[in-house]
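Beneath this line is the structure, given in structure tokens, with notes to follow.
The values are calculated or read from the model by the stated rules, or taken from the named source; none is laboratory data. Fair warning: this is a prediction, and the values are worked out from it, not measured in the lab. Here the Cβ is made from the backbone with ideal geometry for all residues, glycine too, and neighbour counts use every protein chain on show.
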Amino acid sequence: MITSIFKEHKGFGKQIFLLAKNELIKTYKGAVIGPGWAVVKPAFTVFVYWFAFSVGIKTMKTMHVNLGSHDPFSIDFFTFMFIGIIPWFFIQDSIIQGAKTLRTNRQFITKVKFPVSTILTYTAISRLYVHIMLMVLMYAYVIFAIGPSWYNLQFFFYCPLMFMFFLALSWSTAPMSAFSKDFESLIVSIMSGIFWLSGIMYDSYSFQEPLKFIMLLNPINFFANGYRNCFLYHRPFFYYKTELAVFLAEFIFVFALGIFNYNRLRKKLPDVL
């Protein structure tokens with residue numbers, strides 16, 4: 001009965017609040033700002049939802065697509081979303097699991113002499129296998145809904161580029177996450193926000209300047225648009241030259257930063273883990 005529950009609580013008020021405080025501290029143990037994450041995450045989420053529903057999805061209606069010499073036609077929102085969300089599944093796992101890789105495979109670092117960089121590589125390849133299987137399903141749908149095109153071959157440009165970009169990113173995030181639980185918590189906390197701030201659910205090309213240019217600074221947006229260039233818009237990868245130039249600059253930066261951070265931190269990893 002409900003009264004028995006109340007009786008169990010009687011006289012334990014102080015202990016309950018003390019244990020609640022300890023539980024919160026234990027949850028965020030090892031993080032510099034501690035329970036502050038409980039406030040930061042929902043605050044960021046509120047901002048993200050405001051952006052997504054006030055700026056992004058608000059502009060979405062039926063998609064009008066022009067396929068080269070063919071007459072423009074309308075495409076349903078599901079097809080638009082489906083093509084953009086397939087690379088997101090790979091990107092999301094690459095960012096979150098890539099940052100956790102060294103912690104989850106610490107036995108190869110502390111107990112076995114195993115090259116650290118190869119751990120990051122083989123886990124990234126395992127995620128690529130899943131991506132290829134999802135791509136087969138997505139392409140079957142594309143053939144049915146839109147039809148094949150030579151532009152579809154650009155997948156072999158975007159996919160390896162996406163793999164290398166997020167592998168290089170893990171060269172920085174994995175060692176840093178091994179050193180700081182705060183950094184790992186930050187990545188996990190912001191991922192849902194990154195989803196809504198990227199052009200997964202809406203067409204960033206439809207934005208007005210300067211927001212349209214700001215969206216070009218998001219590399220995830222580059223791949224969402226890239227896959228749609230392959231399978232929906234039927235545009236060459238160099239169609240938006242500014243977008244391509246911005247991404248290539250980011251790729252070089254992430255690659256160089258990854259090499260620097262990996263070489264700087266790898267020798268200290270066995271002691272940290």
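Of the residues 252, 190, 214, 143, which single one is out of contact with any strand residue (DSSP E or B) (no Cβ under 9 Å at 6 or more places or on another chain) and under 20 Å from residue 78 (Cα atoms)?
Going through 252, 190, 214, 143 in turn, the sole match is 143.
Could you check the stretch 101-142 and list, in sequence order, the residues that are aliphatic (A, V, I, L, M), out of contact with any helix residue (DSSP H, G or I) (no Cβ under 9 Å at 6 or more places or on another chain) and over 14 Å from residue 227 (Cα atoms)?
Within the stretch 101-142, 112, 133, 140 qualify.
Let me spell it out: the conditions are (1) free of Cβ contacts under 8 Å to residues at least 60 places away in the same chain; (2) buried (at least 18 other Cβ atoms within 10 Å of the Cβ), and residue 178 meets all of them except one. Which number is the exception?
It fails just one condition, (1).
Return the residues of the stretch 176-205 that are polar (S, T, N, Q) and more than 14 Å from residue 222 (Cα to Cα); say none if nothing qualifies.
Within the stretch 176-205, 177, 180, 185, 189, 192 meet the criteria.
Please go through the stretch 206-246 and pick out each residue that is loosely packed, with under 14 Cβ neighbours inside 10 Å and among the hydroxyl-bearing types (Ser, Thr, Tyr).
206, 239, 242
Looking only at residues in the stretch 247-261 that are touching a Ser or Thr at 6+ places or on another chain (Cβ under 9 Å) and surrounded by 16 or more Cβ atoms within 10 Å (Cβ to Cβ), which one is farthest from residue 116 (Cα to Cα)?
Here the answer is 254.
For the stretch 89-111, give me each residue that is under 29 Å from residue 145 (Cα atoms) and surrounded by fewer than 20 Cβ atoms within 10 Å (Cβ to Cβ).
89, 92, 93
Would you tally the residues in the stretch 125-155 being more than 13 Å from residue 89 (Cα to Cα), hydrophobic (A, V, I, L, M, F, W, C) and either free of Cβ contacts under 8 Å to residues at least 40 places away in the same chain or out of contact with any Pro (no Cβ under 9 Å at 6 or more places or on another chain) (or both)?
Residues meeting the conditions: 11.
Is at least one residue of the stretch 106-115 at pLDDT below 85, touching a Lys or Arg at 6+ places or on another chain (Cβ under 7 Å) and either assigned to a helix (DSSP H, G or I) or farther than 24 Å from residue 270 by Cα (or both)?
Filtering the stretch 106-115 for residues at pLDDT below 85 gives 106-115.
Now drop any that are not touching a Lys or Arg at 6+ places or on another chain (Cβ under 7 Å), which leaves none.
No.
Among the residues of the stretch 186-202, are any among the small types (Gly, Ala, Ser), crowded, with 19+ Cβ neighbours inside 10 Å and either in contact with a His (Cβ under 8 Å, 6 or more places away or on another chain) or closer than 24 Å to residue 96 by Cβ (or both)? Give the steps one after another, and end with the answer.
Filtering the stretch 186-202 down to residues among the small types (Gly, Ala, Ser) leaves 189, 192-193, 198-199.
Those still in the list that are crowded, with 19+ Cβ neighbours inside 10 Å too: 198-199.
Within this subset, residues satisfying the condition of being either in contact with a His (Cβ under 8 Å, 6 or more places away or on another chain) or closer than 24 Å to residue 96 by Cβ (or both) are 198-199.
Within the stretch 186-202, one or more residues are among the small types (Gly, Ala, Ser), crowded, with 19+ Cβ neighbours inside 10 Å and either in contact with a His (Cβ under 8 Å, 6 or more places away or on another chain) or closer than 24 Å to residue 96 by Cβ (or both).
Every residue, every condition in (1) within 22 Å of the chain's Cα centre (by Cα); (2) at pLDDT below 90, yes or no:
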{"site": "137", "(1), (2)": "yes, yes"}
{"site": "145", "(1), (2)": "no, yes"}
{"site": "160", "(1), (2)": "yes, no"}
{"site": "164", "(1), (2)": "yes, no"}
{"site": "169", "(1), (2)": "yes, no"}
{"site": "181", "(1), (2)": "yes, yes"}
{"site": "189", "(1), (2)": "yes, yes"}
